[in-house]
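In what follows, a single structure is set out as structure tokens and then discussed.
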Amino acid sequence: MLLLASLWLLAGCGGGNQATRDATLAEFQQEQAELARVQEINEQLLAMAVSVPTEERLYRIGPDDQVKVEVFGVPELSRDYRVDANGNINMPLVGEVSVGGMTLSEAERAITEVYAEGFVRNPQVSLNVTEFRSQQFTAIGAVSSPRVYSTPRRITLLEALAMAGGLSREAGSKIYLTDRVRDPETGQYSNRSLIVSVDDLMANAGDHNLLLGDSAVINVPRAGSIFVEGAVERPGVYNRQPDTTVLRAIAMAGGLRFEASRSSIRVLRRIPGTDQWQEDSVSYNEIRDTPLADLQLNDGDIVMVEFGAIRTAWSGTMRTLRDIAFLGWRPLR
């Protein structure tokens with residue numbers, strides 16, 4: 001009897017050990033597969049980064065750069081100038097001249113044209129950058145070396161990722177990019193925010209390998225992330241848990257703002273294996289009152305909370321009335 005009990009215990013322990021070994025092996029295989037995927041992406045990143053066309057490697061002037069302008073035969077105009085936040089330099093006689101976003105030769109032509117209009121006869125202009133300040137980018141999140149980088153020229157998203165050591169093994173499938181770009185028609189700078197799919201960047205770099213603008217921030221969220229945008233208190237990237245729904249994602253983002261539309265909240269999710277996005281919509285009041293109607297979120301899903309026209313207008317009216325009510329009010333001393 002004792003022998004049978006011992007054999008049963010050994011069999012049970014053996015079965016338990018086998019199950020543990022199988023689970024450990026499965027985890028190891030999954031880790032190795034993920035590591036191989038990231039390594040393949042990083043190798044491709046490096047190969048694609050060094051093949052950027054030559055014309056994209058030209059330096060373009062940006063805010064806070066210092067440039068030395070020399071106008072042949074006119075020493076009063078020949079000196080160093082600091083490029084302001086709008087991409088302009090302030091020069092004698094003509095005032096502000098827009099050079100931001102231009103190559104050196106384009107800036108030379110722009111200055112030549114301005115002074116040729118009745119100020120200097122046949123001006124000969126040369127320009128050089130003496131202090132590089134604008135060509136910086138910050139890489140954060142799931143990259144191998146997150147930090148601030150300085151470059152002597154404008155670079156592409158692929159080059160920036162390669163400089164940051166590529167993706168880390170925790171990297172998700174999306175890249176967040178925010179920077180400041182110059183409108184070629186108006187010359188004005190504006191903020192740009194984009195979401196780039198890693199798969200799209202690898203498969204079609206021609207359309208997705210963007211030139212970085214000024215003060216670029218590249219954020220590679222870790223796998224298991226969702227994005228909450230629009231009329232919430234704290235828009236941004238959040239870690240997804242297995243039970244994360246639209247309602248929970250909004251709560252993670254600090255809840256809805258007063259101006260938010262309650263009738264239609266959009267959920268964007270990429271269709272696997274394609275470049276297409278699927279869009280679903282839910283009512284905030286419905287998912288709050290009926291949890292079963294709430295949508296389960298997957299990695300990389302984007303929750304878009306729109307601003308309601310009526311609530312936004314009402315909020316603006318109340319702010320105006322408040323300002324009028326307190327106009328001229330001074331605290332008692």
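The values are calculated or read from the model by the stated rules, or taken from the named source; none is laboratory data. Note that the structure is predicted; figures quoted are calculated from it, not measured. Virtual Cβ from ideal backbone geometry, glycine too; neighbours counted across all protein chains shown.
Here's a check for you: in the stretch 51-79, which residue that is of a type in the set (S, T, N, Q) and part of a loop (DSSP other than H, G, I, E, B) is modelled with the lowest pLDDT? Show your work before the answer.
Of all residues in the stretch 51-79, those of a type in the set (S, T, N, Q) come to 51, 54, 66, 78.
Subset that is part of a loop (DSSP other than H, G, I, E, B): 51, 78.
Details: Ser51: 53, Ser78: 91.
Ranking the candidates gives Ser51 first.
Please work out which residue is nearest to Asp301 (Cα to Cα), limiting yourself to the stretch 196-227 and to residues that are part of a strand (DSSP E or B) and in contact with a Phe, Trp or Tyr (Cβ under 6 Å, 6 or more places away or on another chain). Talk me through it step by step, then tell me what you get.
Filtering the stretch 196-227 for residues part of a strand (DSSP E or B) gives 196-197, 211, 214-220, 222, 225-227.
Among the residues that remain, those that are also in contact with a Phe, Trp or Tyr (Cβ under 6 Å, 6 or more places away or on another chain) are: 216, 219, 226.
Values: Ala216: 23, Asn219: 16, Ile226: 5 Å.
For the stretch 196-227, the residue satisfying everything is Ile226.
Quick one: which residue in Ser263, Ser315 is in contact with a Phe, Trp or Tyr (Cβ under 8 Å, 6 or more places away or on another chain) and at pLDDT below 85? Let's see the steps before the verdict.
Values: Ser263 fails: at pLDDT below 85.
Only one candidate passes the filter, namely Ser315.
Assuming Tyr189 fulfils every condition listed in (1) farther than 27 Å from Asn128 by Cβ; (2) at pLDDT below 85; (3) not small (Gly, Ala, Ser) apart from one, which condition is it?
(1)
For the stretch 86-121, how many residues meet the condition of being aliphatic (A, V, I, L, M) and either exposed (fewer than 13 other Cβ atoms within 10 Å of the Cβ) or touching a helix residue (DSSP H, G or I) at 6+ places or on another chain (Cβ under 6 Å) (or both)? Please lay out each step first, then the result.
First, the residues of the stretch 86-121 that are aliphatic (A, V, I, L, M): 89, 91, 93-94, 97, 99, 102, 104, 107, 110-111, 114, 116, 120.
If we keep only those that are either exposed (fewer than 13 other Cβ atoms within 10 Å of the Cβ) or touching a helix residue (DSSP H, G or I) at 6+ places or on another chain (Cβ under 6 Å) (or both) too, we end up with 93-94, 97, 99.
Number of matching residues: 4.
Across the stretch 212-229, which residue is modelled with the lowest pLDDT among those that are within 18 Å of Leu201 (Cα to Cα) and not hydrophobic (A, V, I, L, M, F, W, C)? Please lay out each step first, then the result.
If we filter the stretch 212-229 for residues that are within 18 Å of Leu201 (Cα to Cα), which is where we start, we get 212-213, 216-223.
Now drop any that are not not hydrophobic (A, V, I, L, M, F, W, C), which leaves 213, 219, 221-222.
On the way: Gly213: 84, Asn219: 92, Pro221: 84, Arg222: 80.
Filtering the stretch 212-229 for residues that are within 18 Å of Leu201 (Cα to Cα) and not hydrophobic (A, V, I, L, M, F, W, C), the one modelled with the lowest pLDDT comes out as Arg222.
From the set of residues in the stretch 127-164 that are under 30 Å from Glu76 (Cα atoms) and surrounded by 15 or more Cβ atoms within 10 Å (Cβ to Cβ), which is farthest from the chain's Cα centre (by Cα)?
Applying the filter and picking the extreme gives Leu127.
I need the full set of residues from the stretch 175-195 which are part of a strand (DSSP E or B) and not aliphatic (A, V, I, L, M), in order please. Can you show your working first?
First, pick out the residues of the stretch 175-195 that are part of a strand (DSSP E or B): 175-182, 189-195.
Result: Tyr176, Thr178, Asp179, Arg180, Arg182, Tyr189, Ser190, Asn191, Arg192, Ser193.
Which condition from (1) under 30 Å from Asp289 (Cβ atoms); (2) of a type in the set (Val, Ile, Thr); (3) free of Cβ contacts under 8 Å to residues at least 24 places away in the same chain is the one that Thr186 breaks?
With respect to (1) under 30 Å from Asp289 (Cβ atoms); (2) of a type in the set (Val, Ile, Thr); (3) free of Cβ contacts under 8 Å to residues at least 24 places away in the same chain, Thr186 is out only on (1).
Would you check if Asn204 is surrounded by fewer than 17 Cβ atoms within 10 Å (Cβ to Cβ), in contact with a Gly (Cβ under 8 Å, 6 or more places away or on another chain) and not β-branched (Val, Ile, Thr)? Before you say what the answer is, go through the steps one by one.
Numbers: surrounded by fewer than 17 Cβ atoms within 10 Å (Cβ to Cβ): yes; in contact with a Gly (Cβ under 8 Å, 6 or more places away or on another chain): no; not β-branched (Val, Ile, Thr): yes.
The answer is no for Asn204.
Pairs under 8 Å by beta carbon, first residue within 12 Å of Asn209 (Cα to Cα) in the stretch 149-178, partner at pLDDT 85 or above and among the aromatic types (Phe, Trp, Tyr), six or more apart or different chains?
Close Cβ pairs (under 8 Å, with a partner that is at pLDDT 85 or above and among the aromatic types (Phe, Trp, Tyr)) amount to Ile155/Phe137; Ala160/Phe137; Ala160/Tyr149.
Inside the stretch 228-263, can you point out the residues that are of a type in the set (Gly, Ala, Ser), assigned to a strand (DSSP E or B) and within 21 Å of the chain's Cα centre (by Cα)?
Step one: list which residues in the stretch 228-263 are of a type in the set (Gly, Ala, Ser), which gives 230-231, 236, 249, 251, 253-255, 260-261, 263.
Still in the list and also assigned to a strand (DSSP E or B): 230, 236, 260-261, 263.
Hits for the stretch 228-263 are Gly230, Gly236.
Which of (1) over 13 Å from Arg60 (Cα atoms); (2) outside any helix (DSSP H, G or I); (3) within 28 Å of the chain's Cα centre (by Cα); (4) in contact (Cβ under 8 Å) with a residue 24 or more places away in the chain does Val120 not meet, given it meets every other one?
It fails just one condition, (3).
Among all residue pairs at least 6 apart or on different chains, which show Cβ distances below 7 Å where the first residue, located in the stretch 89-103, is part of a loop (DSSP other than H, G, I, E, B) and the second is among the charged types (D, E, K, R)?
Listed pairs, sorted by first residue: Pro92/Glu76; Gly100/Arg182; Gly101/Arg60; Gly101/Arg182; Met102/Arg60; Thr103/Arg60.
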